[in-house]
Amino acid sequence: MNVGSYFSENSKTALKNEPPGAWMPNLPDGCIRLSSGYPDPALIPAEGIKAAVARLLDEEHDLPLHYLGSPRMARLKQQIQRRLAERGICVVEEQLLITSGACQAIDLIARILLDEEAVVAVESPTYMEALEIFQNYTKQIVSIPIDEKGIQTDRLKEMLDERKRKGLTLPRFLYTIPTFQNPTGTTMITERREHLLELSAEFDFLILEDDAYGELSFDKNPPPIKSLDKSGRVLHVGSLSKVVAPGMRIGWITGDSAFIKALEWFKKDLDHPFSQSTMAVYLENTNFEKRLHLLKDVYRAKCAVLLRALEQFLPDSVSWYVPAGGYFVWVRIPGVDTSELLSQSLAEGVSYVPGKYFFLNQKDGTEFLRLSFSYANEKEIMEGIQRLGKVIAPF
Ligand SMILES: Cc1ncc(COP(=O)(O)O)c(C=O)c1O
């Protein structure tokens, strides 16, 4: 039986892309994981979640295990609304949809906004999983370079002007990770956030703001683009994966209520009432500000160790951006193809993600690699960069 013959044309096209997760190699035993954008294992609140599950089932018995879940799911929404309000995003219940992580949020948005003819604009480089999602829906992806101040909005304007002049389709939305970007760790300055909003009004596109790392600042939290949005053009996506636990799969979308209604139409039961109820209890029992403080302290210190190790163990020709939050440091090694170097690096016992996976045009990423300071501990980070230094030394 030729299974492929049953697939829709859309799926056949999507299945020609690189398989998902190609950037994640099999890691040898003892390999230091500087590739993983996972939270620090010591910061996953396993005991807190265990206590939340016990309390939930003691108090509500079978309720959270039904399709409709527990009344606490509404409280999770309220807790998220409260956190968003603290960051200048004031939304009513109809403007908020809980999803199975930020990834489901991105996928749902792509699903309702994109078709083969639709154009989506992304930053270059950008989060590889979002690229994969968009490629499942359209081939028409355009990218705009970013620098240490975020997306280059003047380049975006040039691209939009040119497409308009040539009568080409304009993007339906632009996907951006403005704060502590994955993979570069950079943060878009406020002027560019404002310019982006102006351009979205002038050229009539939406902004998909992925704020997965927005609360993880080492110093001050910049204002989310959504908090500056007066016209309802921004769909803001958030997640508890990086600040609580990714396995809980809790994310959300805020936006105009008509969008949220359409997204809900497609999402239906594709989420997890039990996980949402558990998270609601966990948050009720947790001083979240205190927790955030701890996370920021830990990640700030680990980032500092990584930066120090880069100075100490890598040649002077190597450069990187210094992040002000998040999980990542973006490194450039001139003249080196980082995907070719990976097998040597793994043999030496340290992993990273080659830059090519974050680019639409993979060649643009040849000399780059993404390091994560979130998962490994300080000692491993130091050791990992020392190992990487050995691999790079001959070049
Ligand atoms: C920019 C960005 N968005 C979204 C996600 C996925 O978040 P979630 O676990 O909530 O699906 C990640 C995870 O690495 C990410 O880096």
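Which one is surrounded by the most Cβ atoms within 10 Å (Cβ to Cβ) among residues in the range 264-278 that are at pLDDT below 95 and within 16 Å of the ligand (Cβ to nearest atom)? Spell out the reasoning first.
So the first thing to find is which residues in the range 264-278 are at pLDDT below 95, and the list is 264-273.
Subset that is within 16 Å of the ligand (Cβ to nearest atom): 267, 270-272.
Details: 267: 21, 270: 11, 271: 19, 272: 19.
Per the criteria, the residue is 267.
For residues that are surrounded by fewer than 23 Cβ atoms within 10 Å (Cβ to Cβ) and touching a residue at least 40 places away in the same chain (Cβ under 8 Å), scanning just the range 204-213, find the one that is nearest to the ligand (Cβ to nearest atom).
Filtering first and then ranking leaves 206.
Scan the range 237-250 for residues that are near the ligand (Cβ under 8 Å from one of its atoms) and either of a type in the set (D, E, K, R) or over 12 Å from the mean Cα position of the chain (by Cα) (or both) and report the count.
Qualifying residue count, the range 237-250: 3.
Among (1) at pLDDT below 95; (2) more than 16 Å from the ligand (Cβ to nearest atom), there is one condition residue 118 misses while meeting the rest; what is its number?
(1)
Only one of these is within 16 Å of the ligand (Cβ to nearest atom) and crowded, with 18+ Cβ neighbours inside 10 Å: 234, 281. Name it. Before you say what the answer is, go through the steps one by one.
Details: 281 fails: within 16 Å of the ligand (Cβ to nearest atom).
None of the other options fit; the residue is 234.
Which residues, counting only those in the range 302-316, are in a helix (DSSP H, G or I) and of a type outside the set (A, V, I, L, M, F, W, C)?
Start the filter on the range 302-316 by keeping residues that are in a helix (DSSP H, G or I), which leaves 302-313.
Answer for the range 302-316, where residues must be in a helix (DSSP H, G or I) and of a type outside the set (A, V, I, L, M, F, W, C): 302, 308, 311, 312.
Restricting the search to the range 14-26, which residues are of a type outside the set (Phe, Trp, Tyr), assigned to a loop (DSSP other than H, G, I, E, B) and out of contact with any Leu (no Cβ under 7 Å at 6 or more places or on another chain)?
As a first pass, look at the range 14-26 and keep what is of a type outside the set (Phe, Trp, Tyr): 14-22, 24-26.
Filter again for assigned to a loop (DSSP other than H, G, I, E, B), leaving 15-22, 24-26.
Selection gives 15, 16, 17, 18, 19, 20, 21, 22, 24, 26.
Would you check if residue 248 is touching a Ser or Thr at 6+ places or on another chain (Cβ under 9 Å) and either farther than 17 Å from residue 376 by Cα or at pLDDT 95 or above (or both)?
On the way: touching a Ser or Thr at 6+ places or on another chain (Cβ under 9 Å): yes; either farther than 17 Å from residue 376 by Cα or at pLDDT 95 or above (or both): yes.
Considered against the rule, which asks whether it is touching a Ser or Thr at 6+ places or on another chain (Cβ under 9 Å) and either farther than 17 Å from residue 376 by Cα or at pLDDT 95 or above (or both), residue 248 comes out as yes.
Any residue at all in the range 85-94 that is within 16 Å of the ligand (Cβ to nearest atom) and within 19 Å of residue 239 (Cα to Cα)?
No, there is no match, as no residue in the range 85-94 is within 16 Å of the ligand (Cβ to nearest atom) and within 19 Å of residue 239 (Cα to Cα).
Among (1) touching a residue at least 60 places away in the same chain (Cβ under 8 Å); (2) of a type in the set (A, V, I, L, M); (3) assigned by TED's automatic domain parsing to the domain that holds residue 193; (4) more than 16 Å from the ligand (Cβ to nearest atom), which single condition is residue 216 missing?
(4)
Between a residue in the range 40-52 that is within 20 Å of residue 297 (Cβ to Cβ) and any residue that is at pLDDT below 95 and assigned to a helix (DSSP H, G or I), which pairs come within a Cβ distance under 7 Å, given they are 6 or more apart or on different chains?
That search, which allows pairs on different chains as well, returns nothing.
How many residues does the range 164-203 contain that are part of a loop (DSSP other than H, G, I, E, B) and more than 16 Å from the ligand (Cβ to nearest atom)? Reasoning before the result, please.
Filtering the range 164-203 for residues part of a loop (DSSP other than H, G, I, E, B) gives 166-172, 177-189, 203.
Filter once more, keeping what is more than 16 Å from the ligand (Cβ to nearest atom): 166-172, 189, 203.
Residues that pass the stated criteria total 9.
Given 106, 112, 144, 151, which one is within 11 Å of the ligand (Cβ to nearest atom) and either buried (at least 21 other Cβ atoms within 10 Å of the Cβ) or farther than 30 Å from residue 291 by Cβ (or both)?
On the way: 112 fails: within 11 Å of the ligand (Cβ to nearest atom); 144 fails: within 11 Å of the ligand (Cβ to nearest atom); 151 fails: within 11 Å of the ligand (Cβ to nearest atom).
Checking each option against the conditions leaves just 106.
Return yes or no: is residue 312 within 23 Å of residue 129 (Cβ to Cβ) and either surrounded by 18 or more Cβ atoms within 10 Å (Cβ to Cβ) or modelled with pLDDT of 95 or more (or both)?
Working: within 23 Å of residue 129 (Cβ to Cβ): no; either surrounded by 18 or more Cβ atoms within 10 Å (Cβ to Cβ) or modelled with pLDDT of 95 or more (or both): yes.
When the stated conditions are applied, residue 312 does not pass them.
The values are calculated or read from the model by the stated rules, or taken from the named source; none is laboratory data. These figures come from a predicted structure and were not determined experimentally. In this analysis, Cβ positions are derived from the backbone assuming ideal geometry, glycine residues included, and neighbour counts consider all displayed protein chains.
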